[in-house]
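The structure appears below as structure tokens.
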Amino acid sequence: MEQITITGIQTNNLKNIDVTIKKNALNLIIGPSGSGKSSLAYGTIAKIGLQEYLSMFFDEMSDPSYKVSEYHNMSATVPIKQANFNSNVKSTIGTYFSLSNKIIALYALSLDMDEHFFVLNREENVCPVCHGLGTVKQMDVSKILDFKKTIAENPFKCWQRRNDFFSKILVKFCEEKGIDINTKVEDLSESDLNQLLNGESKEKFKINYTHGKFKAVRTTKYFGLFTQTSMIKKEFSLPDSYYSDLKCSSCNGLKYSEKHLEFKLNGLSIGEFMNTPFCDLLLFFDKMKKKKLKPGAERLINSICVFINKAIELNLGYLSFSRTIPSLSGGELQRLRLIQVLCTQLTDLILIFDEPLAGLSGNEKEAVFKNITGLSKKTYTDCS
């Protein structure tokens, strides 16, 4: 069996050690916390493989951070950690793993249309409200209201700074609308809650209130928070902590413009397809395979289905192609990257995992373990 040797390793806290790595086999690094496992796996082995590979393409590579005497018979490395530092909200499972272009090609081919019509980075294709993000930054009721408080207790978390004023005008408004102030927010009807958030009083209310050591009087109508109309002078604007990226009400999170809903494949527009969980897409493809396919469609379908089936096998069937990468946990992204490795046509790679079974349920552990151990005797699947 071929071997990789690295000698004189002094990266970080490592003390001039030598290692031998067997190719096409599982190599475990075991030791107590702080013993240098990460320095060896990621700081040395992974960095050497990446440096060797990338230096063939990039002219200005930085000096290596690892410290070794010499190494022989090295392979390209693929470090896969249980971490997610991706903050690009436009990065989705579909784009990250180069599957969106295959889905676009399948729709264009099957519907006899130009591929450009389905590309999301074209302004004319996206929802004009969310600009293709599927979400809009909005005031989040779950962050604004304390659902366990009654109206009389002023449940608005953002109205505590001038609590006396807001408590009194809330009571006045509820008296006008016939809303019981002793009702907890969680027990309010949808209509009454909507009144509190979006309503406007018919009358102006004269409110005598205290603010700190001072007494004041303010006469104003009640305006629900979501109307974004100030009821008090110098009322503070809401900080970002009260906002969330919520589903766009215009496109319903589909990201595409309304015209795209007219063009469906097996009953789904491309936006609906992208938002459908992997586990529910199997029926979509079963129906397609029973029909007469156009040349090239079968190859695209097989490529997409390989990824979907592996995702389901690794207990990720609840995800969809439109799911953003920043919203994934480190463990979810690690398992998705494992799928990418299982589908690659590259050989002789060193795959470096960081506690791949940590935090997984019993079924998830079994599936991940089976796939990782199978890599040492891997038979490559055509995912082209």
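Here are a few things to note about the model shown:
- Residue check for residue 38: in a helix (DSSP H, G or I), of a type in the set (S, T, N, Q) and either over 14 Å from residue 350 (Cβ atoms) or open to solvent by less than 60 Å² (accessible area, probe 1.4 Å) (or both): yes
- If only residues of segment 272-281 that are touching a residue at least 40 places away in the same chain (Cβ under 8 Å) and in contact with a Gly (Cβ under 9 Å, 6 or more places away or on another chain) are counted, the one that is surrounded by the fewest Cβ atoms within 10 Å (Cβ to Cβ) is 277.
For (1) surrounded by 12 or more Cβ atoms within 10 Å (Cβ to Cβ); (2) modelled with pLDDT of 90 or more, each residue gets a yes or a no:
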residue: 238; (1), (2): yes, no
residue: 244; (1), (2): yes, yes
residue: 247; (1), (2): yes, yes
residue: 261; (1), (2): yes, yes
residue: 268; (1), (2): yes, yes
residue: 283; (1), (2): no, yes
residue: 290; (1), (2): no, no
residue: 297; (1), (2): yes, yes
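- Which listed residue, of 107, 96, is among the aromatic types (Phe, Trp, Tyr) and either closer than 26 Å to residue 295 by Cβ or at pLDDT 95 or above (or both): 107
- Of all the criteria given as (1) open to solvent by less than 50 Å² (accessible area, probe 1.4 Å); (2) touching a residue at least 40 places away in the same chain (Cβ under 8 Å); (3) over 16 Å from residue 283 (Cα atoms); (4) assigned to a helix (DSSP H, G or I), the one not satisfied by residue 337 is (1).
- Residue-level check: of (1) more than 34 Å from the chain's Cα centre (by Cα); (2) open to solvent by less than 60 Å² (accessible area, probe 1.4 Å), residue 202 misses just (2).
- Residue pairs meeting the criteria (Cβ under 7 Å; at least 6 apart or on separate chains; first open to solvent by 40 Å² or more (accessible area, probe 1.4 Å), in segment 111-132; second assigned to a loop (DSSP other than H, G, I, E, B) and of a type outside the set (A, V, I, L, M, F, W, C)): 116/122; 120/132; 120/255; 128/257; 129/250
- Helices (runs of 4 or more DSSP H) within segment 123-199 that include 1 or more residues over 33 Å from the mean Cα position of the chain (by Cα): 163-177, 190-198
- Odd one out for residue 33 among (1) closer than 24 Å to residue 13 by Cα; (2) of a type outside the set (D, E, K, R); (3) open to solvent by 80 Å² or more (accessible area, probe 1.4 Å); (4) touching a residue at least 12 places away in the same chain (Cβ under 8 Å): (4)
- When segment 72-110 is filtered for residues that are in a loop (DSSP other than H, G, I, E, B), among the hydroxyl-bearing types (Ser, Thr, Tyr) and open to solvent by less than 50 Å² (accessible area, probe 1.4 Å), the ones remaining, listed by number, are 75, 91.
- Scan of segment 301-326 for residues that are outside any loop (DSSP other than H, G, I, E, B) and under 29 Å from residue 54 (Cβ atoms), ordered by number: 303, 306, 307, 310, 311, 324, 325, 326
- Exactly one residue among 8, 34 is at positive phi, out of contact with any strand residue (DSSP E or B) (no Cβ under 9 Å at 6 or more places or on another chain) and not hydrophobic (A, V, I, L, M, F, W, C), and that residue is 34.
- Per-region count, segment 354-384, residues under 18 Å from residue 316 (Cβ atoms), at pLDDT below 75 and either open to solvent by less than 50 Å² (accessible area, probe 1.4 Å) or assigned to a helix (DSSP H, G or I) (or both): 1
- Selection count, segment 351-372, where residues are among the aromatic types (Phe, Trp, Tyr) and touching a strand residue (DSSP E or B) at 6+ places or on another chain (Cβ under 7 Å): 1
- Here residue 376 passes the criteria (1) under 23 Å from the mean Cα position of the chain (by Cα); (2) of a type in the set (Ser, Thr, Tyr); (3) closer than 27 Å to residue 32 by Cβ except the one numbered (1).
- Test: residue in segment 249-256 that is closer than 23 Å to residue 95 by Cα, of a type outside the set (D, E, K, R) and without any contact (Cβ under 8 Å) to a residue 60 or more places away in the chain: yes
- Filtered by the rule that a residue be among the basic types (Lys, Arg) and farther than 16 Å from residue 46 by Cβ, segment 5-28 gives 15, 22.
The values are calculated or read from the model by the stated rules, or taken from the named source; none is laboratory data. Keep in mind that this is a model prediction, so the values were computed, not measured. As a convention, Cβ positions derive from the backbone with ideal geometry for all residues, glycine included, and neighbour counts pool all protein chains shown. Accessible surface is based on the protein model in full, side chains and every heavy atom, while ligands, DNA and RNA are left aside. Shrake-Rupley method; radii C 1.70, N 1.55, O 1.52, S 1.80 Å.
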